[in-house]
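Take a look at the structure set out below.
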Amino acid sequence: MRIAVLGAGGIGGYFGGRLAASGHEVTFVARGAHLEAIREHGLVVTSAAGDFKVEPARVTDDAGAIGAVDAVLLAVKTWQLRPVLETLPALLGPDTAVITTQNGVEAPGQVADVVGRDAVLPGIAKIFAFIDGPGRITHAGGPASLVFDEWAAAPGASSDRVTRLRQAVTTSGAVSPAPDDIWAELWSKMLFVVPFGGLGAALDSTIGELRSTPSRRALLEDAMREVETLARARGIRLPDRVVAGTMAFVDDQPAGATTSLQRDLLEGKPSELDAWTGAVVRLASESGVDAPLHRLLLEVLTSRHPGALLG
Ligand SMILES: NC(=O)c1ccc[n+]([C@@H]2O[C@H](COP(=O)([O-])OP(=O)(O)OC[C@H]3O[C@@H](n4cnc5c(N)ncnc54)[C@H](OP(=O)(O)O)[C@@H]3O)[C@@H](O)[C@H]2O)c1
């Protein structure tokens, strides 16, 4: 398959790298020292599931020069999406699929605004991976799964392109299970990551500290319930007892885990605050639902980290 990977970071570098290493024609869009290192030395991936290298790797800083592809893996941060979306039309053929991987629930709609819903496969990456130097990606853990589906997939049915793409991901050495309901999965991930990210950042706490301090644990559950109420108000069919199930998942995570949101805010970097806590507040207001904890978290984090919403 011909695949364009827009953003060769933790997600694009790992999943795109696996696809390239398994024989697909993958072109990475990168920039700066990372681009130069990939061009000169290939893409080097250190992985809990087995190290590999893509050499030579096709890499460019000009997405417009790639031409039409079978699939686009959209793997930039939420605050980096806008200019990248402008490059999408040049990559589209009649059946090109654009897979989103961003945390939060708004990226599929932002992509659809540019290329139409039919081109979009809302997706979720479950992995812990990051750039650890120019040309180098580390996959530190997590299931390394990339879940995606058609925008309005009928339960149990898969389009031909989705079947082909899942097969490509699976044979590359990653995992791509078929979701029952991609929107419920997106919101379920949001229900985990946004309360954890917002409270972790505001309280400067690891997941271990959040879950084992009774008052913080109660706040985490309350914040998850706000996301649950919002999702249900928007017609999302979350699983029954989704908060209890997510807390069980929280209890299973390594005690020292933090989110990229917390780490980025702490380091004064641009962050995904707007697409995480900001989105809960925005969508709650739009849906006539109150989300007071998220409103407070947004206020605290934006006043403590001026510019956090600007990206
Ligand atoms: N990493 C994970 O483990 C993980 C897990 C689940 C979900 N996610 C989600 O996946 C999304 C991507 O995260 P990530 O961790 O893969 O981010 P990342 O490691 O920062 O990778 C993004 C890459 O895209 C590049 N980029 C951005 N705009 C570009 C442009 N216009 N042209 C060329 N390159 C460009 C960045 O380059 P610069 O460094 O030069 O900006 C960076 O190399 C996020 O929404 C995140 O929440 C990540």
inquiry  = Pairs please, first residue from segment 15-42 and more than 21 Å from Ile127 (Cα to Cα) and touching a residue at least 24 places away in the same chain (Cβ under 8 Å), second anywhere and in a helix (DSSP H, G or I) and more than 9 Å from the ligand (Cβ to nearest atom), Cβ atoms under 7 Å, 6+ apart in sequence or on different chains.
reply    = His24/Ala168
query = Can you find a residue in segment 203-213 that is of a type in the set (Gly, Ala, Ser), outside any loop (DSSP other than H, G, I, E, B) and not assigned by TED's automatic domain parsing to the domain that holds Gly109?
reply = yes
ask   = Right, Leu301: within 26 Å of Val76 (Cα to Cα), touching a Lys or Arg at 6+ places or on another chain (Cβ under 9 Å) and away from the ligand (no atom under 15 Å from the Cβ) or not?
value = no
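Okay, residues lined up against (1) crowded, with 16+ Cβ neighbours inside 10 Å; (2) in contact (Cβ under 8 Å) with a residue 40 or more places away in the chain; (3) in contact with a strand residue (DSSP E or B) (Cβ under 7 Å, 6 or more places away or on another chain):
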position: Met247; (1), (2), (3): yes, no, no
position: Asp251; (1), (2), (3): no, yes, no
position: Pro254; (1), (2), (3): no, yes, no
position: Pro270; (1), (2), (3): yes, yes, no
position: Thr277; (1), (2), (3): yes, yes, no
position: His294; (1), (2), (3): yes, yes, no
position: Ala308; (1), (2), (3): yes, yes, no
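One line per residue, one yes/no per condition, for (1) acidic (Asp, Glu); (2) over 19 Å from the mean Cα position of the chain (by Cα):
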{"residue": "Leu203", "(1), (2)": "no, yes"}
{"residue": "Ser215", "(1), (2)": "no, yes"}
{"residue": "Ala218", "(1), (2)": "no, yes"}
{"residue": "Val227", "(1), (2)": "no, no"}
{"residue": "Thr246", "(1), (2)": "no, no"}
{"residue": "Asp251", "(1), (2)": "yes, yes"}
{"residue": "Glu272", "(1), (2)": "yes, no"}
{"residue": "Leu283", "(1), (2)": "no, no"}
query = In the list Arg216, Arg166, Arg161, Arg225, which residue meets the criterion of being modelled with pLDDT of 95 or more, buried (at least 17 other Cβ atoms within 10 Å of the Cβ) and in a helix (DSSP H, G or I)?
reply = Arg166
ask   = Taking segment 64-83, which residues are near the ligand (Cβ under 9 Å from one of its atoms) and surrounded by 19 or more Cβ atoms within 10 Å (Cβ to Cβ)?
value = Leu74, Ala75, Val76, Lys77, Thr78, Leu81
request  = Only residues that are out of contact with any helix residue (DSSP H, G or I) (no Cβ under 8 Å at 6 or more places or on another chain) and of a type outside the set (D, E, K, R): list them for segment 194-237, please.
outcome  = Gly208, Ser212, Thr213, Pro214, Ser215, Ala218, Thr229, Gly235
inquiry  = Take Ala112 and tell me if it is farther than 18 Å from Met1 by Cβ, surrounded by 20 or more Cβ atoms within 10 Å (Cβ to Cβ) and either within 22 Å of the chain's Cα centre (by Cα) or without any contact (Cβ under 8 Å) to a residue 12 or more places away in the chain (or both).
reply    = no
request  = Filter segment 140-178 for residues that are more than 16 Å from the ligand (Cβ to nearest atom), among the polar types (S, T, N, Q) and closer than 12 Å to Phe15 by Cα and give the result.
outcome  = Thr170, Thr171, Ser172
key: Of all residues in segment 1-54 being of a type in the set (A, V, I, L, M, F, W, C) and farther than 21 Å from Ala65 by Cβ, the one that is nearest to the ligand (Cβ to nearest atom)   = Ile11
ask   = How many residues are part of a helix (DSSP H, G or I), aliphatic (A, V, I, L, M), under 27 Å from Ala284 (Cα atoms) and more than 10 Å from the ligand (Cβ to nearest atom) if we restrict to segment 91-118?
value = 4
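The values are calculated or read from the model by the stated rules, or taken from the named source; none is laboratory data. These numbers come from a predicted model, not from an experiment. Reconstructed Cβ throughout: ideal geometry from the backbone, glycine too, with neighbour counts over all protein chains shown.
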